[in-house]
Amino acid sequence: MSELSKNAQCVLRILETADSLTTSEILELARSKEFADICTDCAGGDTFIAAANQLVERGLIRRRFGRGGYRWELVRE
C-alpha cells in the first residue's frame, strides 16, 4: 500500500468501513475526525477522483453508477 498516494490510502481506509459508498459519502467521511490522520487532501472532489481512479486502475476498488451518482466498493477476493 505504500506505493499508493496518501489520498488513495485514504479512500481505501474509508471503503474498508462499508460495503459501498457514494462519492459524497466518502468525501464527508474524509473530512471527519476519524480519518483526519490520513485524509489530509482527499476532502475535495478533484483529488478524490484522481485517487479513486488510481485504485480502479490497480483493480483495488470498483465503481458503478447508480442512484445518487457513483458508488465505490473494495474488490474483495
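The values are calculated or read from the model by the stated rules, or taken from the named source; none is laboratory data. From a predicted model like this one, the values you see are computed outputs, not experimental measurements. Virtual Cβ from ideal backbone geometry, glycine too; neighbours counted across all protein chains shown. Each accessible area value is taken on the protein alone, full model and side chains, heavy atoms only, with ligands, DNA and RNA left out. Shrake-Rupley method; radii C 1.70, N 1.55, O 1.52, S 1.80 Å.
Observations on the model:
- Taking label points 7 Å from Cα along the Cα-to-Cβ direction, S20 and Y70 give a separation of 1.4 nm.
- Charge dipole of the chain about the Cα centre (unit charges at C-beta), most positive-ward option of V11, G66, A52: G66
- Rounded to the nearest whole Hz, the Karplus-based 3J(HN,Hα) values (6.51 cos²θ - 1.76 cosθ + 1.60, θ = phi - 60°) of the stretch 21-28 follow the sequence 9, 7, 4, 5, 5, 5, 4, 5, with x at glycine and proline.
- Rounded accessible area per residue of the chain, 1.4 Å, Å²: 62 Å²
- Compactness of the chain as Cα Rg over 2.2 N^0.38 Å, two decimals: 0.97
- Heavy-atom surface analysis with a 1.4 Å probe gives the chain a carbon and sulfur content of 47 percent of its accessible area.
- The residues packed around R76, meaning those with a beta-carbon under 11 Å from its beta-carbon, carry a net charge of -3 if Lys and Arg are +1 and Asp and Glu are -1.
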